[in-house]
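Each value in this text was obtained by applying a stated rule to the coordinates, not by laboratory testing. All values derive from a computational prediction rather than experimental measurement. As a convention, Cβ positions derive from the backbone with ideal geometry for all residues, glycine included, and neighbour counts pool all protein chains shown.
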Amino acid sequence: MPLTSATAMAIALLIGFAASTQPSFAGRPSWMPSAPPLPLTGRPVHVSTVGELMAAVREARDGDTILIADGTYELPTFLHLAGKSDVNIRSASGDPTKVVLRGSGFASESKQDDILRIQGCADITIANLTFEEAHAYGIKLENLLFDGRGLRNINIYNCRFFNIGTRMIKGTGGDRQPVDGGSIQYCYFENSKIPPRTWLFQGDYISAIDCMRLKDWIISDNYFSNIRGANGGGRGAVFVWVESENVISERNVFVNCDRSICYGNPSGSSEAPARPHNTGGVIRNNFIVAGADKGIEVCWASGVKVYHNTVLTPDPDRGRGIHCHWRELTRIHIANNLVRGRIYGDEDGVAKENNLTQGIADHWFRNVPEGDLHLTAAATAAIDQADPVSGCSTDFDGDPRPAARGQADLGADEQEPEV
């Protein structure tokens, strides 16, 4: 019996969504540190149904801690937290695997299919939750003023994001206000699906974290897996741009993402920023097993430091391990990185010092497929080869680096002697 055109299209979409080289929701590997527990603060508000959850978020008082009972919550529309201060939304058990907030589905193609929107809020913590199966955004930071208030000190902690079709965490440009202070820490980001080419930008408009106008943020201790577009042109798993300042990305792990860390957008910006996409900021101590495109990309930036990262590209001769380009680049310093691939950045504003890019083999590292790029004793060309740089005195594990010249190791890990 011949297939109808509608059935054929549905099958084609399912094939596109199912394509993946990673197992489904593997979770943070055991060699990464666990998230320290958060203290319980504020007035507890216990919820156990979708209706109770939506009402608790909508009617939250300043100082509330909304504690969600174990279960899967199929949301008919997004949760909207607006105009609040000092509110926590977290699982009652503290286990992100036990509380799942679910949208309409990766393939729903609804631009309104978000899970949580935060607008005009200060001192907010979202912790120990799973966000999954939404087409648009897992968490949307709406930088539009609400009753004259912007966003300040937003913290996303020990959450899991799985199969979000556009952005797992999105921060909009809004009313040109900075999102002043915040963090994304100990989270896990994974897609087991790839968009079809019928989606925006031929299926490449996908990312994990895409935020504008961040100021004094920390993105640390997260794991990113399989953030990919249909053509290998997915946006940065960490994509920070449009007048952002002093953003630190450290101790993160990236495996098979089209682009891993991007400070700036080489395509420019519809926001028409007056200042560089990034001013200040540090990219340090990250493990990157790169996918189809770049490991680290820096565009239209000033004063960004790229220190002690370990980046393995698939092709050591052509792969763009670290790529600095587009418009003005001033005071970019790239030092003590261990990169299998090339470092592009010949502009006058880019200084490159003491980076190793040749002869790097898989057996130098503990477990490349999993992203565990701790050094083995075989990495002799990287061990005791680094010169001290200011602001990077510890490694991926938080262990101290020797301060003397030629005693620290290149890359993100300070190798421990084998016993």
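List the extent of the Cα atoms of the range 248-399 along each of their three principal axes, largest first, rounded to whole Å.
Result, largest extent first: 48, 32, 26 Å.
Calculate log10 I(q)/I(0) of the range 226-279 for q = 0.16, 0.25, 0.27 Å⁻¹, where I(q) comes from the Debye formula with a single equal point scatterer on each Cα and nothing for solvent.
Once normalised to I(0) and log-transformed, intensities are -0.53, -0.99, -1.05.
Between G406, G281, G120, which gets the highest mean-square fluctuation from a Gaussian network model of the chain, Cα cutoff 10 Å?
Residue with maximal mean-square fluctuation among G406, G281, G120: G406.
Which shape class applies to the range 152-245: rounded if a/c is under 1.5, otherwise prolate when a/b exceeds b/c and oblate if not, where a ≥ b ≥ c are the square roots of the Cα gyration tensor eigenvalues?
Oblate.
Along the positive direction of the dipole of the range 158-198 (beta-carbon charges: Lys, Arg +1; Asp, Glu -1; about the Cα centre), which of T166, I194, G181 reaches farthest?
Final value for the positive-end residue is I194.
Rounded to whole Å, give me the distance from the Cα center of the range 148-222 to that of the range 66-104.
Taking the Cα centre of each part, the range 148-222 and the range 66-104 sit 17 Å apart.
Given the options N278, V238, V57, identify the residue whose Cα lies farthest towards the positive end of the charge dipole of the chain (+1 on Cβ of Lys, Arg; -1 on Cβ of Asp, Glu).
Farthest towards the positive end: V57.
Using DSSP to define loop residues, name the trypsin sites (Lys or Arg not before Pro) in the range 290-328 whose beta-carbon has at most 11 other beta-carbon atoms within 10 Å.
Listed in order of number, the matching sites are R318.
With volume of the Cα convex hull per residue in Å³ defined as stated, name the option among (i) 140; (ii) 153; (iii) 174 computed from the structure displayed.
This structure yields the entry labelled (ii).
Once every DSSP H run of n ≥ 4 in the chain is given -39500 (n - 2.57) and the sum is divided by its residues, what mean residue ellipticity at 222 nm do you get, rounded to the nearest 500 deg cm²/dmol?
Value at 222 nm, helices only: -2000 deg cm²/dmol.
Considering only DSSP states other than H, G, I, E and B, which chymotrypsin sites (Phe, Trp or Tyr not before Pro) in the range 86-164 qualify as loop sites with at most 12 other Cβ atoms within 10 Å?
none
Give me the one-decimal nm value for the distance between modelled label points at A55 and S390, 7 Å along each residue's Cα-to-Cβ direction.
For A55 paired with S390, the spin-label model returns 5.7 nm.
Fewest to most neighbouring Cβ within 10 Å: what's the order for M212, M32, M54, M168?
Ranking M212, M32, M54, M168 by Cβ neighbours within 10 Å, fewest first, gives M54, M32, M212, M168.
Could you identify which residue out of V282, V389, V242 has the top mean-square fluctuation in a GNM of the chain using Cα springs shorter than 10 Å?
Among V282, V389, V242, the largest mean-square fluctuation in the Gaussian network model of the chain belongs to V389.
Quick one: of K193/K305; K111/K294; K140/K305; K84/K305; K140/K193, which pairs are farther than 30 Å apart, Cα to Cα?
Too far apart for the 30 Å limit: K193/K305; K84/K305.
Treat every Asp and Glu Cβ in the range 135-241 as -1 and every Lys and Arg Cβ as +1, leave all other atoms uncharged, and give the resulting dipole magnitude about the Cα centre to the nearest 20 debye.
Computed charge dipole of the range 135-241: roughly 220 debye.
The range 330-419: which GluC sites (Glu not before Pro) are DSSP loop and have at most 15 other beta-carbon atoms within 10 angstrom?
E347, E418
Kindly identify the range 86-170 as rounded, prolate or oblate by the Cα gyration tensor criterion: order the square roots of the eigenvalues as a ≥ b ≥ c, call it rounded if a/c is under 1.5, otherwise compare a/b with b/c, prolate if a/b is larger, else oblate.
Verdict is oblate for the range 86-170.
When a footprinting reagent is the concern and you count Cβ atoms within 10 Å, what order do W241, W199, W217, W31 take, fewest first?
Fewest-to-most Cβ neighbours within 10 Å comes out as W31, W199, W217, W241.
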